[in-house]
Amino acid sequence: MATPVLTIVVPCYNEEEVLPETIFQLSGVLNSFIQDHLISNASTMLLVDDGSKDATWELIERFHASNTFVTGLKLARNAGHQSALLAGLMKAKSYSDCVVSIDADLQDDLQAIREFIVKFHEGYDVVYGVRQDRSADTFFKRATAQGFYKLMTSMGVKIHYNHADFRLMSRRTLDQLEKFQEVNLFLRGMVPLLGFPSTKVYYDRKERFAGESKYPFKKMLAFAFDGITSFSVTPIRFVTMMGFLLFALSVVAAVYAIIGKIMGANVTGWTSLILSVWFIGGIQLLAIGLIGEYIGKIYKEVKHRPLFVIEKELTTTEQELTKRPVQASSAGR
Ligand code: UDP
Ligand code: MG
């Protein structure tokens, strides 16, 4: 196999403080991979400016002029990390054999990319970078991240523990990803849905090289909520379950109230009042849950996710056709 063309996609939002160092390090990495004949010399990095308010784009332009490894993509407005990343991936896939996505802040180990490429050569289509050591992150960040993974898994969303968006993807997986056409992007939940041979590479996560996290707690919560509601109808099902539960309880309450009434222990009007409260409450929740079920179905339909992904195809080549008819002994049984 000829050496593959690699593109490293880097979403950048207000990253002027880290960008020069990031470009320097990524250029070094690309250069050494080319020297070692791991990747083609047409490999580059694609810096996606996600509508930054600082000098990020000016920096990209400046480096592009002097550094052949640097290419850029400027988004018209801040689209958010996931959308910026997707923009870069879709741009890069037209001219790359494989694409690595990485954050601009140098928190992920660039040396792991070498292992990504090795795995790609071994035939893997997706290589997930998985953080082994998160001690560089604050306790709060670790705890919330862990809670998030647990919650996602319990809701039936398949994501890889401690994997963010540091990964390698082959061109054919990106072609499939393009078909997803989703608005609420949660890439790390979507990639496992693609299938294809995949593997993991472990690395230690470092501290942000410079600048501040562009994911404050509020954005993180929104991201988590997006992740769950984009992949799971479990919350709706929960409402239905509550409805059933309350309805069952209302039956118990009915028995209790009626016994009370027969025994004459109740204040007049209490029985009918309390019964309606429980009954109506239960029925209402049930109804909402039921409507929710349908909305859930509609929601899955409008997503238009591809129903299957074809990995390989066995076809007869022109050359084989000329060898026909085959000998009786080797003909199909
Ligand atoms: N980012 C982006 N658009 C945004 C927010 C963030 O492109 O609206 C980029 C950011 O420049 C960085 C990556 O997404 O390259 C991850 O952000 P950050 O490192 O701040 O997140 P954290 O590591 O704290 O989760
Ligand atoms: Mg970061």
By residue number, the members of the stretch 48-101 that are acidic (Asp, Glu) and under 19 Å from Tyr215 (Cα atoms) are Asp49, Asp50, Asp54
With criteria (1) without any contact (Cβ under 8 Å) to a residue 24 or more places away in the chain; (2) touching a Cys at 6+ places or on another chain (Cβ under 7 Å), Val183 comes up short on (2)
The stretch 148-266: helices (runs of 4 or more DSSP H) wholly inside it with 3 or more residues that are surrounded by fewer than 19 Cβ atoms within 10 Å (Cβ to Cβ) and of a type in the set (Phe, Trp, Tyr) are 217-231, 234-263
Residue set Gly129, Gly147; condition of a type outside the set (A, V, I, L, M) and touching a residue at least 40 places away in the same chain (Cβ under 8 Å); output residue Gly129
Just one listed residue, out of Lys179, Lys219, is within 16 Å of ligand 2 (Cβ to nearest atom), at negative phi and not hydroxyl-bearing (Ser, Thr, Tyr), and it is Lys219
Being more than 19 Å from the chain's Cα centre (by Cα), among the basic types (Lys, Arg) and either within 11 Å of ligand 2 (Cβ to nearest atom) or more than 15 Å from Leu89 (Cβ to Cβ) (or both) narrows Lys214, Lys206, Lys200 down to just Lys206
The one condition Ala222 fails out of (1) more than 17 Å from Gly189 (Cβ to Cβ); (2) within 16 Å of ligand 1 (Cβ to nearest atom) is (1)
Condition set within 14 Å of the chain's Cα centre (by Cα) and in contact (Cβ under 8 Å) with a residue 60 or more places away in the chain, scope the stretch 224-245, selection farthest from ligand 2 (Cβ to nearest atom): answer is Ser232
The residue from Asp125, Asp109, Asp137 that alone is surrounded by 19 or more Cβ atoms within 10 Å (Cβ to Cβ), on the phi < 0 side of the Ramachandran plot, modelled with pLDDT under 95 and touching a Phe, Trp or Tyr at 6+ places or on another chain (Cβ under 8 Å) is Asp109
For Lys53, the lone unmet condition from (1) open to solvent by 20 Å² or more (accessible area, probe 1.4 Å); (2) within 15 Å of ligand 1 (Cβ to nearest atom); (3) touching a Leu at 6+ places or on another chain (Cβ under 8 Å) is (3)
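Conditions tested, residue by residue: (1) outside any helix (DSSP H, G or I); (2) at pLDDT below 95.
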| site | (1), (2) |
| --- | --- |
| Ile23 | no, no |
| Val29 | no, no |
| Asn41 | yes, yes |
| Leu47 | yes, no |
| Ser52 | yes, yes |
| Ala79 | yes, yes |
| Ser83 | no, yes |
Exercise. Taking the stated definitions as given, is Ala79 touching a Cys at 6+ places or on another chain (Cβ under 8 Å) and either open to solvent by less than 50 Å² (accessible area, probe 1.4 Å) or within 23 Å of Lys179 (Cα to Cα) (or both)?
Worked result: no
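Of a type outside the set (Ser, Thr, Tyr) and assigned to a strand (DSSP E or B): does that describe Met90?
The answer is no for Met90.
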Quick count over the stretch 87-112, residues being near ligand 1 (Cβ under 10 Å from one of its atoms) and either of a type in the set (Asp, Glu) or without any contact (Cβ under 8 Å) to a residue 24 or more places away in the chain (or both), is 3
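The values are calculated or read from the model by the stated rules, or taken from the named source; none is laboratory data. Everything quoted here is computed from the prediction, not taken from an experiment. Note that each Cβ is placed from the backbone with ideal geometry, even for glycine, and that neighbours are counted across all protein chains shown. Side chains included, ligands, DNA and RNA excluded: accessible areas come from the protein's heavy atoms. Shrake-Rupley method; radii C 1.70, N 1.55, O 1.52, S 1.80 Å.
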